[in-house]
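The values are calculated or read from the model by the stated rules, or taken from the named source; none is laboratory data. Predicted model, so just to flag it, every value in this text is computed and none were measured. Neighbour counts are summed over all protein chains in view; Cβ atoms, including those assigned to glycine, are modelled from backbone coordinates with ideal geometry. All accessible areas refer to the heavy atoms of the entire protein, side chains included, with ligands and DNA or RNA removed. Shrake-Rupley method; radii C 1.70, N 1.55, O 1.52, S 1.80 Å.
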Amino acid sequence: MTSAAENMHGTGIEALNVYCGIASIPVRSIFEGRSLDVGRIGNLMMEQRSIGLPCEDPVTNAVNAAMPVIERLNPEEKAAIEILIISSESGVDYSKSIASYVHEHLGLSRECRLIEAKQACYAATAAVQMAVAYVASGISQGAKVLVVATDVSLADDRVGYAEPAMGTGGAAILVSAQPSIMSVDFGAFGSYSYETLDSARPGPAFDIVDTDKSLFAYLDCLSRSFENYARRVEGADFVATFDYLAFHTPFGGLVKAAHRKMMRECAKASAEQVEEDFVRRVKPSLIYPCIVGNLCSGSVYLALSSLIDTAPLNGGSRVGVFSYGSGCSSEFFSGLIHHSSASVLAEMRIAAHLGDRCVLTFEQYTQLLADNLRCLVPEKNRRIDLASSDKILARARARRMLVLREIRDYHREYDWV
Amino acid sequence: MDREDIAGIVYKTIAKILPVPPGEISGEKHIRDLGADSVDRVEIILSLIDQLKIHEPLASFAEIKNINGLVELLYERKRL
């Protein structure tokens, strides 16, 4: 690996952005509205979650995340995007990919590969690693790969305490040989995967989750994937190697428990040492996830955005990244961020957009749920009632947004508003 | 270490992490029934693995039916 003090070079993330909707609800409102035990909010470590609108779907979430990245490229740079990989557990068709719509609405070159990848919340990291390998291979000089993680929430009262933690939105990650956001440590990764049914989406309108199975799988995978990382990277040490950590964040409380587990296993740390380390190395990555919820495939990149936007970055900092997806597959990898990463990411104004979201009441939220649950259900024809979301959309007028207008003969049709 | 020793450690650990009177803890209950949320459950299992110095994937604990089942699993692994 390179020294953390070296300048950014190599291959990695050139640009990063997240789109987390334009509506939100305080987590406490869902607890109270569903008569859940508010005593559990503390361990959940969640304050708000993003809520989708009936005119939003995995395509709009992906495009609204990626367009600010694309708009900053000149025509030559845009044409250099040779692969578009969409990672999602919210497919809109068994055959036609979300990527086909996203490619069209981003106006990417027709000389571009399109693909959709699925492995629950992990797939975006598999896509990023394949993109890094493609770019680094030199097979096509100057090539860029755009990875977009995008999902929608299907959570309602059927999933109990998972409902207040689910988010919605997308994360766009542009991979190239100009890693202005994060250079990925080449060859520094560890994976761990096995078959389990911890959570899944067996149909287009519902999720299933076995909470214990899922949390335990996440924690086992973190230990095992880091062990695999440590076998590949000489001298790797969970405490000393990484200035910061960014983990897949289904809810903040799980990340805190995962960090505590690793600090005990790897360093026999005391409770006080664990807390100090958590506040210093992990907490910056949780600021956005704790007000957005589980972004699913994009979750770990939301955590990375949060870290870069809020952590003090002096010189180079090495970040340990853990990505987990139910089913299950996981990976621990690392990269180098720099103080300049923060100024590049700041152009996306992520914190300002999160602060601008329209705060819904529990009643407004439940009124949206029925329509939101139709988002992925195959329907031959359906017109979206944009008027029902007018007041919320009006708050986002300063942003150019893609919205779903209609499904006609199974074809999804969109408008910019 | 026999089953009773393991059960003693399990009951003591649960009582330390959950705000329940020790009298309410019984083998037929799941720790979920005692008000343990998912983070509490993780903490209880990790604490037990740590105290008993066993090496067992957490996934093995996902299927346990109640505290008796937890004691039995820990006892079996400790014997190995």
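Computed quantities for the displayed model
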{"read-out": "Boolean, residue A:180 is open to solvent by 40 Å² or more (accessible area, probe 1.4 Å) and either away from chain B (no Cβ under 14 Å) or farther than 23 Å from residue A:222 by Cα (or both)", "value": "yes"}
{"read-out": "Which listed residue, of A:15, A:4, A:65, is at pLDDT below 95, touching a strand residue (DSSP E or B) at 6+ places or on another chain (Cβ under 6 Å) and hydrophobic (A, V, I, L, M, F, W, C)", "value": "A:4"}
{"read-out": "Residue within the range A:120-129 that is without any contact (Cβ under 8 Å) to a residue 24 or more places away in the chain, open to solvent by 20 Å² or more (accessible area, probe 1.4 Å) and closer than 20 Å to residue A:183 by Cα present", "value": "no"}
{"read-out": "Selected residue (criterion: surrounded by the most Cβ atoms within 10 Å (Cβ to Cβ)) from residues of the range A:13-58 that are more than 18 Å from residue A:354 (Cβ to Cβ) and small (Gly, Ala, Ser)", "value": "A:15"}
{"read-out": "From the options B:56, B:43, residue that is within 14 Å of another protein chain (Cβ to nearest Cβ) and farther than 28 Å from residue A:160 by Cα", "value": "B:56"}
{"read-out": "Evaluation of residue A:262 against (1) surrounded by 21 or more Cβ atoms within 10 Å (Cβ to Cβ); (2) within 22 Å of the chain's Cα centre (by Cα) (one fails), failing number", "value": "(2)"}
{"read-out": "Residues that are assigned to a strand (DSSP E or B) and within 20 Å of residue A:156 (Cα to Cα), drawn from the range A:188-208", "value": "A:199, A:200, A:201, A:202, A:203, A:206, A:207, A:208"}
{"read-out": "Residue match in the range A:396-416 (condition: on the phi > 0 side of the Ramachandran plot and more than 23 Å from the chain's Cα centre (by Cα))", "value": "yes"}
{"read-out": "Strands (runs of 3 or more DSSP E) wholly inside the range A:1-97 that include at least 1 residues being acidic (Asp, Glu)", "value": "A:12-19, A:81-87"}
{"read-out": "Set A:368, A:345, A:295: member being open to solvent by 10 Å² or more (accessible area, probe 1.4 Å) and touching a strand residue (DSSP E or B) at 6+ places or on another chain (Cβ under 9 Å)", "value": "A:368"}
{"read-out": "Test: residue in the range B:18-31 that is within 14 Å of chain A (Cβ to nearest Cβ), open to solvent by less than 20 Å² (accessible area, probe 1.4 Å) and among the small types (Gly, Ala, Ser)", "value": "no"}
{"read-out": "Enumeration of residues in the range A:226-268 that are closer than 27 Å to residue A:291 by Cβ and more than 13 Å from chain B (Cβ to nearest Cβ)", "value": "A:242, A:243, A:244, A:245, A:246, A:247, A:248, A:249"}
{"read-out": "Matching residues, the range A:203-221, being open to solvent by less than 40 Å² (accessible area, probe 1.4 Å) and either closer than 15 Å to residue A:185 by Cα or at the interface with chain B (Cβ under 10 Å from one of its Cβ atoms) (or both)", "value": "A:212, A:214, A:215, A:216, A:217, A:218, A:219, A:220, A:221"}
{"read-out": "Checking residue B:64 against (1) closer than 25 Å to residue A:223 by Cα; (2) assigned to a helix (DSSP H, G or I), the condition it does not meet", "value": "(2)"}
{"read-out": "Candidate set: the range A:348-365, residues that are in a loop (DSSP other than H, G, I, E, B) and surrounded by 21 or more Cβ atoms within 10 Å (Cβ to Cβ); chosen: the one modelled with the lowest pLDDT", "value": "A:357"}
{"read-out": "Members of the range A:209-228 that are assigned to a helix (DSSP H, G or I), within 11 Å of residue A:326 (Cβ to Cβ) and not basic (Lys, Arg)", "value": "A:214, A:215, A:217, A:218, A:221"}
{"read-out": "Qualifying residue in the range A:279-287 (condition: within 11 Å of chain B (Cβ to nearest Cβ) and under 28 Å from residue B:53 (Cα atoms))", "value": "no"}
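Here is a yes/no grid of residues against (1) open to solvent by 40 Å² or more (accessible area, probe 1.4 Å); (2) in a helix (DSSP H, G or I):
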{"position": "A:115", "(1), (2)": "yes, no"}
{"position": "A:133", "(1), (2)": "yes, yes"}
{"position": "A:147", "(1), (2)": "no, no"}
{"position": "A:160", "(1), (2)": "no, yes"}
{"position": "A:164", "(1), (2)": "no, yes"}
